[in-house]
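First comes the structure, then the notes that go with it.
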Amino acid sequence: MTGYILKRLLSAIPVLFGITVIVFLIMAMIPGDPALAILGAYATPENVEKINRDLGLDAPLVARYFIWLGNMLTGDFGTSFSLNRPVIDEVLDRFGATLLLAGTSFILCAILGIAAGVVSAARQYGWADKGITFAVLLGISIPSFFLGMMMILIFAVELRWFPVSGMRMAYGGGGFADVANHLVMPAIALAVVATGVVARLSRSAMLEVLRQDFIRTARAKGVGEGRVIWGHALRAAMVSIIPVLGIQAGFVLSGAVYIEMVFQWPGVGRMLVDAILKRDILLVQGGVVFVAACYVLFNIAVDVAQSLLDPRIKT
Amino acid sequence: MQFLSLIARNRLAAAGGIVLVIVIALALISPLLPLPDPDVTDTANRFLLPGAEGHLLGTDHLGRDLAARLMDGTRLSLAVGFAAAFFAAFFGAAIGIIAGYFGGRTDNLIMRAVDMLMAFPYILLALAIVAALGPGLVNALIAVAAVNIPFFARNIRGVTVGLANKEFVDAARLAGLGHTRIILTEILPNVIPVIVIAMSTTIGWMILETAGLSFLGLGSQPPQADLGSMLGEARGALITNPHTSIVPGAMILVIVMGINLLGDGVRDALDPRLRSGALTRPMAATQVRRKGPVPASEDAEAVLELQGLQTQFHVKDRIYKAVGGVSIKVAPGECLGVIGESGSGKSVTALSVMGLVASPPGVITGGAARYKGEDLVGAPYDHLRRLRGDRVAYIFQDPLATLHPLYKVGDQLAEAILVHHKVGKAEARRRAVDLLKQVRIPNAQSRADSYPHEMSGGMRQRVGIAMALANDPDVIIADEPTTALDVTVQAQILSLLNDLRRERGLAIVFITHDFGVVAQLCDRVAVMYAGRIVETGPTEAVLDAPAHPYTARLIACVPELGGGRRRLEAIPGLPPAVDRLEPGCAFAPRCLKAQDACRQGEIPLEGPGAREVRCLYPETELKSEGVA
Ligand code: SF4
């Protein structure tokens, strides 16, 4: 097992490398003098000179990439000019909030999505199936930001169950109850689309599995229907559900940006949007690389989970 | 045409399509409608509610007419979404076709890059692109199209790889056509349906994503506004004037939902598996719709007794009579062989006993299946479940498919015990290992921790037998348990079953297409053809002097009993399709002795004593004293 994890970690190195290349190339598309582009409104002569020196911006493209990569490997993601603070500090401060939001949503979408898909498959063409299928269709069609706004209207303004916004975690305020109270609505709003996708896929994976011969064997043994569905069938269906969960984790992690805007959540997504609007290129670059790298690592965990579940995968 | 009618038949898809057409039509003709100018501000009339004089949907925070802005925004959002889908499909398809067509290093390089792009969380990549290009609707469009290219490229590449090696492409190459010609004339036409499906499933996403970027302020810039930026602008007044948010938000929802409904319809219409009903889930027990009366028990001795059992498959408006009234019985300690070609209904007969025929489409429509005199057809599910595996157990063909691939065999055995007995986990495990020993699996203790794929075919089949024996049942129904095995292993398994039958006095129903196996193991044999029994009697008597022409031909096909592999396919002609059986003898089309009388009507299964035959001109006259 340890060997397998190591192998997967090693295989992630070229992917991480590729990610930095892609981000670098995208940012290199910015027309004009890179120093001016990066500094934008902050392009004082001293700043231009400093940044040219720090990032080797007058060097050729390839050299610039390696300087940038080398800096990142030593933990130096550059300095945000709009915030006047190291990029990595800002990203780390914000990432906790995003992780809390996206993590909660991910768990919600995994549990609810799989449960809905299983029930739907087990009651194929019954009322539960029809209801779930419709709810799923609605869920994957509604823009998460619109859903978030409607939830604020209904549950925060009308019913006053939850606060509208004002999550303070990133700035050191609020205890567990406060955080949890602020988390409910954004986490649900973010989870809805992913839940729909997971439910859809779980349903078809279950239908596929339920026709297999080993399900008939379980029934022939006298195993009860509950255990056949939630044990034998779901276990086998998980093999095709887990990769989808991996993809949905990416959607939840990056889709958090909308929800962070709607609920004023102090996460990386909102930071990125602000940075884009202020043309703070280094902050965008650092934030994107950091989040993408975390996602790559998360996908290794998904692979490991898959290999634990399926003994047929060679570890 | 057929495709269109399939979509039309799917009412939801049709509804989605209609909604979509209406929205598009409205958006297109709105400049002709008598609506106020969408960009004229009127701060005196801010936030008018829907229904206000001259403003159908009210006004926004600058007093602009919401209805007019909604139509403008809808047109813009639709245009941007479709454009993004088009560009993603165009470039994705181009990349995919090039990778798939040229293969080798080109393919490798391109697909590496595609994988890298797919390693990004989707929206993050779009944000990075917008960051580089700067906010703006066109840039948002480019970003959304770009992040969807890998998805198209990967799909299209897969299809192209399959096509690139087809003969017609080779032929074109040999004819000296250039790569461009081949791609355009041979590959592209075959790829287009895949592109259409991929577009129909992603276009909703693209509309959502471009609206999302606009919502964040990174897409369309004022005064131009698509639905996303309308929503974004309205957000500040969400609590005081919710209608300005609800109007554009609901429109996005309606559009995307319409597209998704239609897209699902397209996908379903194109997926042949859905049409054939192959994706329906079998229920816990076979459906029972018994029409005739339930026959009374005739034989108190028999541990298992089938009487006129009928099982059908209802597929759409067709009815396949897989089992057309089968009566057999087995006494304790007896082994009955049921023999027939594939499709003769022998397996369906076996599965019907415990309600294991996949349903839908299977339905038991008549007769009775009695265990110790008690009818199991239509018995409550819970009762049936308690008997399954405990009193009547099954051994299936091909244990690689019939054992759960992700559970250790020891656990699968222990489970068979645990569902019927209140014993501890450790005790169940001990018994499981014992069972493995009984079926002569070496190193049973460690083998219990193996997964099915780690064992040989013979070992897996022994596990299957051990599982059937787990609760010391009265009846074992073995459905071709040795077909997948080679001759030596087959012989071992048969002698194992034979020993167990003698030791434990269990009754065995042995389903096979192999007379050699029947000769080795079975006391009596029933020959099935087209869902009915055509001959039955003591094995030796039937083998020595078969009465039904079909049986005679089966036996003649076997070169030498007891050796080698025998197949029944050697008989000329095919068994009849059981959805349109002619009246009279089902074997008539293949029978050399067939007369007109054979096709006239029902021929009964009859004979003196233990032997019975369903034939007007049997090969041997059955005499009552010729019975063992
Ligand atoms: S009934 Fe007639 S057709 Fe059928 S098997 Fe006998 S002889 Fe042949």
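Rounded, prolate or oblate: which fits chain A, taking a ≥ b ≥ c as square roots of the Cα gyration tensor eigenvalues, rounded meaning a/c under 1.5, else prolate when a/b beats b/c? Oblate. Our compactness index for the range A:238-315, the C-alpha radius of gyration over the empirical 2.2 N^0.38 Å, is 1.39.
As a test, work out the antiparallel percent of DSSP beta bridges whose residues both lie in chain B, rounded to the nearest 5. Mind showing how you got there, number by number?
Numbers: 30 of 51 bridges.
DSSP beta bridges in chain B are roughly 60 percent antiparallel.
For every helix of n ≥ 4 consecutive DSSP H residues, a contribution of -39,500 (n - 2.57) applies; sum these over chain A, divide by its total residues, and give [θ] at 222 nm rounded to the nearest 500 deg cm²/dmol. Don't skip to the end; give the middle numbers.
Numbers: 12 runs with 228 residues, N = 315.
Calculated mean residue ellipticity at 222 nm is -24500 deg cm²/dmol.
Against chain B, whose longest principal axis comes from its Cα atoms, helix B:487-504 is set at around 70 degrees.
Toward the positive end of the charge dipole of the protein assembly as shown, with +1 on the Cβ of Lys and Arg and -1 on the Cβ of Asp and Glu, the farthest Cα among A:Met238, B:Ala284, B:Pro538 is that of B:Pro538.
Inverting the pair-averaged 1/r between distinct Cα atoms of the protein assembly as shown gives 32.5 Å as its Kirkwood hydrodynamic radius. Backbone geometry of the range B:171-176 corresponds, through the Karplus equation with coefficients 6.51, -1.76 and 1.60 at θ = phi - 60°, to 3J(HN,Hα) couplings of 4, 4, 5, 5, 6, x Hz, x marking Gly and Pro. Estimated from the Cβ-Cβ distance and a Förster radius of 25 angstrom, the FRET efficiency linking B:Val161 and A:Ser11 is about 0.60. Mind giving me the nanometre distance, one decimal, between the label points for A:Phe66 and A:Leu159, set 7 Å out from Cα along Cα→Cβ? Modelled inter-label distance: 6.0 nm.
3J(HN,Hα) couplings calculated from phi for the range B:147-160 with the Karplus curve 6.51 cos²θ - 1.76 cosθ + 1.60 (θ = phi - 60°) are, in sequence order, 6, 8, 4, x, 4, 5, 4, 5, 4, 5, 4, x, 5, 5 Hz; Gly and Pro show x.
For the protein assembly as shown, carbon and sulfur atoms together expose 62% of the accessible surface, with a 1.4 angstrom probe and every protein chain in place. Estimated from the Cβ-Cβ distance and a Förster radius of 35 angstrom, the FRET efficiency linking B:Val138 and A:Ser240 is about 0.35.
Once you charge only the Cβ atoms, +1 for Lys and Arg and -1 for Asp and Glu, what is the size of the charge dipole of chain B about its Cα centre, to the nearest 20 debye? Don't skip to the answer; put the middle values down first.
Numbers: 59 positive and 59 negative charges, 97 e Å.
So the dipole magnitude of chain B works out to roughly 460 debye.
Listed by chain and number, the aspartates and glutamates whose alpha-carbon sits under 20 Å from that of A:Lys314, ignoring those within fewer than 8 places in the same chain, are A:Asp303, B:Asp449, B:Glu454.
If you take the Cα centroid of the range A:239-315 and the Cα centroid of the range B:110-135, the two points sit 13 Å apart.
How much length would be gained if the chain were fully extended between B:Asp317 and B:Leu616, taking 0.36 nm per residue of separation minus their Cα-Cα distance, in nm to one decimal? The partial results should precede the final answer.
Numbers: separation 299, 0.36 × 299 = 107.64 nm, distance 3.36 nm.
In short, 104.3 nm is gained.
Entry for the range B:1-123 at q = 0.15, 0.17 Å⁻¹: log10 I(q)/I(0) = -0.88, -0.95, Debye formula applied to identical alpha-carbon scatterers, no solvent contribution.
For the range A:17-24, putting each phi into the Karplus relation 6.51 cos²θ - 1.76 cosθ + 1.60 with θ = phi - 60° gives couplings of 4, x, 4, 5, 4, 4, 4, 4 Hz, in residue order, rounded to whole numbers and with x for Gly and Pro. Residues whose amide H lies under 5 Å from that of A:Ala59, counting only those 5 or more places away or on a different chain, are absent; hydrogens are built 1.01 Å from N in the peptide plane.
Computed with a 1.4 angstrom probe on protein heavy atoms, the A-B interface buries about 6900 square angstrom of accessible area in total.
For peptide B:400-408, what's the mean number of Cβ atoms from other chains within 10 Å of each residue's Cβ?
Working: counts 2, 5, 8, 4, 11, 8, 10, 7, 1.
Average per residue, whole number: 6.
Measuring nothing but how far apart in sequence close Cα pairs (under 8 Å, 6+ apart) lie, relative to its length, chain B scores a relative contact order of 11 percent.
Give the average, rounded to an integer, of partner chain Cβ atoms located within 10 angstrom of each Cβ in A:145-158.
Mean shielding by partner chains, rounded to a whole number: 5.
Mean separation of Cα pairs under 8 Å and 6 or more residues apart, divided by the residue count, gives the range B:304-539 a relative contact order of 30 percent.
If you roll a 1.4 Å probe over the heavy atoms of the protein chains, what accessible area per residue do you get for chain A, in Å²? Intermediate results must be reported in sequence, preceding the final value.
On the way: 13140 Å² over 315 residues.
Heavy-atom accessible area per residue stands at 42 Å².
The angle between the Cα long axis of helix B:425-438 and the longest principal axis of the Cα atoms of chain B comes to about 50 degrees, rounded to the nearest 10. Measuring nothing but how far apart in sequence close Cα pairs (under 8 Å, 6+ apart) lie, relative to its length, chain A scores a relative contact order of 28 percent.
Proximity of backbone amide H atoms, modeled 1.01 Å from N, is registered between B:Val288 and B:Ile364 at under 5 Å, excluding neighbours fewer than 5 places apart on the same chain. Relative to the dominant Cα principal axis of chain B, helix B:188-215 is inclined by about 50°.
Using only side-chain charges placed at the Cβ, +1 for Lys and Arg and -1 for Asp and Glu, the dipole size of the range A:114-213 relative to its Cα centre rounds to 80 debye.
For B:Ser450, the residues whose modelled amide H falls within less than 5 Å of its own, excluding neighbours fewer than 5 places apart on the same chain, are B:Val409, B:Gly410. Shielding value for A:221-231 is 6, the average number of Cβ atoms from other chains within 10 Å of each residue's Cβ. In chain B, helical runs assigned H by DSSP with n ≥ 4 each contribute -39500 (n - 2.57); averaged across all residues and rounded to the nearest 500, the mean residue ellipticity at 222 nm is -15000 deg cm²/dmol. The label-point distance for B:Leu12 and B:Leu592, in a model that sets each label 7 Å from Cα toward Cβ, rounds to 5.9 nm. The shape of the range B:58-276 comes out prolate: with a ≥ b ≥ c from the C-alpha gyration tensor, a/c is at least 1.5 and a/b beats b/c.
The values are calculated or read from the model by the stated rules, or taken from the named source; none is laboratory data. None of the values given here were measured: they were computed from a predicted structure. Virtual Cβ from ideal backbone geometry, glycine too; neighbours counted across all protein chains shown. Protein only, heavy atoms only, side chains kept; ligands, DNA and RNA dropped before computing areas. Shrake-Rupley method; radii C 1.70, N 1.55, O 1.52, S 1.80 Å.
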